[in-house]
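The values are calculated or read from the model by the stated rules, or taken from the named source; none is laboratory data. Fair warning: this is a prediction, and the values are worked out from it, not measured in the lab. We place every Cβ from the backbone using ideal geometry, glycine too, and count neighbours over all the protein chains shown. Calculation scope for accessible area: heavy atoms of the full protein, side chains included, ligands and nucleic acids excluded. Shrake-Rupley method; radii C 1.70, N 1.55, O 1.52, S 1.80 Å.
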Amino acid sequence: MSGEVRYPIGDLARRTGLSVKTIRYYADCGIVPPTDRSPTGYRLFDAEAVARLDLVRTLRDLGVDLSTIRRVVDREVALPEVAAAHAEALAVQIRVLRLRQAVLTVAARRGSGPAEVDDLHRLARLTARERGHLVGDFLATVFEGPDDKHPYRGAVVSMTPELPEDPSTEQVQAWLELAELCREPTFRASMRRMVRQHAADHDVPGLPRPDAVAVVRDGVADALAAGLDPTGPEAEPVVTAVTDRYARLHDLPDDADLRRRLLDRLRMANDPRRDRYLDLLSVINGWSSGDAVAPAVDWFIRAVGARMPDPAR
């Protein structure tokens, strides 16, 4: 219509914030063709062309390629369809970037060399099935034995990490460290010894009962929170209460032999990597972190050790 406003390319550039060169390129490509030309041959654009150019700029900012943009503005394809496809593609890119960020963050923190960076990158890119195989092999080593006398199906499930399909950088970092723990032979052996100790503490008639670590964790919680000195006299009632409970659970006298047995079990179980595994597991699975047992075990080992004859320390 003759009364419609027409904008020369310079005005269009000022209205949209795009350069004259860019608008001219879009016009030459047919993405935003001019509505008319001035008597002197300059390109002119109407309000619809301005709106079309605004859409083009938005889609370009969102990473949509020009060929797809042309199909959108020409109504050859619906905008929601294009938006959904590009949102999915961006989600994939974001996941890849998070993996890379996690690997590089861990490598920078450790001062890793090329071999370790390559190993971290490989662990980050494992498929769900490959991750399951790695963790499953670790848990099988820890919990399975020559017989099924002490099945731990529930424990295996509770100690299995489930990395989400779209993990955060923190979850990927936690997975990298947990995967390394799963492959560490000394940690595997330590965890296996803990399971055997747990089984031994339960290999008595009667109802299920807490193992040595659980008895100590529950018994010294208040003393630990109060900051009691484990070697001081105020710790004596705590030690007595814990050893008495452990003795009654196993129908044994609370004597030096029982305390040595309890110390042996606690020293075997006192591996801070166990607490670290559980912390990492909580991050990966989105759980709240549980209470670490190492501080309680450390406190009690010092408390009992200070009260044992020198040869048994």
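Of note:
- Gyration tensor (alpha-carbon) shape descriptor, the chain, a/c threshold 1.5: prolate
- Protection proxy ranking, peptides 19-25, 86-92, average beta carbon neighbours within 10 Å, highest first: 19-25, 86-92
- Environment charge of LEU139, counting only residues whose C-beta is closer than 11 Å and scoring Lys/Arg +1, Asp/Glu -1: +1
- Fully extending the segment from ASP255 to ARG193, taken as 0.36 nm per residue of separation minus the present Cα-Cα distance, adds 19.9 nm.
- When peptides 214-220, 37-43, 125-131, 182-188 are sorted by average Cβ neighbour count within 10 Å, with the highest value leading, the order is 214-220, 182-188, 125-131, 37-43.
- Rounded accessible area per residue of the chain, 1.4 Å, Å²: 57
- Placing +1 on the Cβ of every Lys and Arg and -1 on the Cβ of every Asp and Glu, with nothing else charged, gives the chain a dipole about its Cα centre of roughly 1060 debye.
- Projecting the Cα atoms of ALA306, TYR152, LEU90 onto the dipole axis of the chain, where Lys and Arg carry +1 and Asp and Glu carry -1 at the beta carbon, places LEU90 farthest toward the positive end.
- Estimated from the Cβ-Cβ distance and a Förster radius of 35 angstrom, the FRET efficiency linking ALA83 and LEU181 is about 0.25.
- Using the Cβ-Cβ distance between CYS29 and ASP118 with R0 set to 45 Å, the FRET efficiency from 1/(1 + (r/R0)^6) comes to roughly 0.55.
- Cα gyration tensor, segment 1-80 - rounded (a/c under 1.5), prolate or oblate: prolate
- Here the Gaussian network model covers the chain, with springs between Cα atoms less than 10 Å apart; of ARG259, ARG196, ARG15, ARG15 fluctuates the most.
- Protection proxy ranking, highest mean first, for peptides 293-299, 228-234: 293-299, 228-234, where packing is the per-residue count of other beta-carbon atoms within 10 Å, averaged.
- Segment 228-313 shape via C-alpha gyration tensor axes, a/c threshold 1.5: prolate
- Convex hull (Cα only) mean projected area of segment 159-285, reported in nm² to one decimal: 9.9
- Placing a label point 7 Å from the Cα of MET268 along the Cα-to-Cβ direction, the residues of segment 212-242 whose backbone N falls under 20 Å of that point are 212-218.
- Annotation: amide H of TYR7 within the under-5 Å range of PHE45, ASP46, sequence separation 5 or more or interchain, hydrogens built in the peptide plane.
- Of the residues ILE31, ILE94, ILE284, the one that moves most in a GNM of the chain with alpha-carbon contacts below 10 Å is ILE31.
- Positive-end residue, the chain charge dipole about Cα centroid, Cβ charges, pick of GLY232, ALA189, ALA108: ALA108
- Computed about its Cα centre, the charge dipole of segment 42-178 is approximately 400 debye, with only Lys, Arg, Asp and Glu carrying charge at their Cβ.
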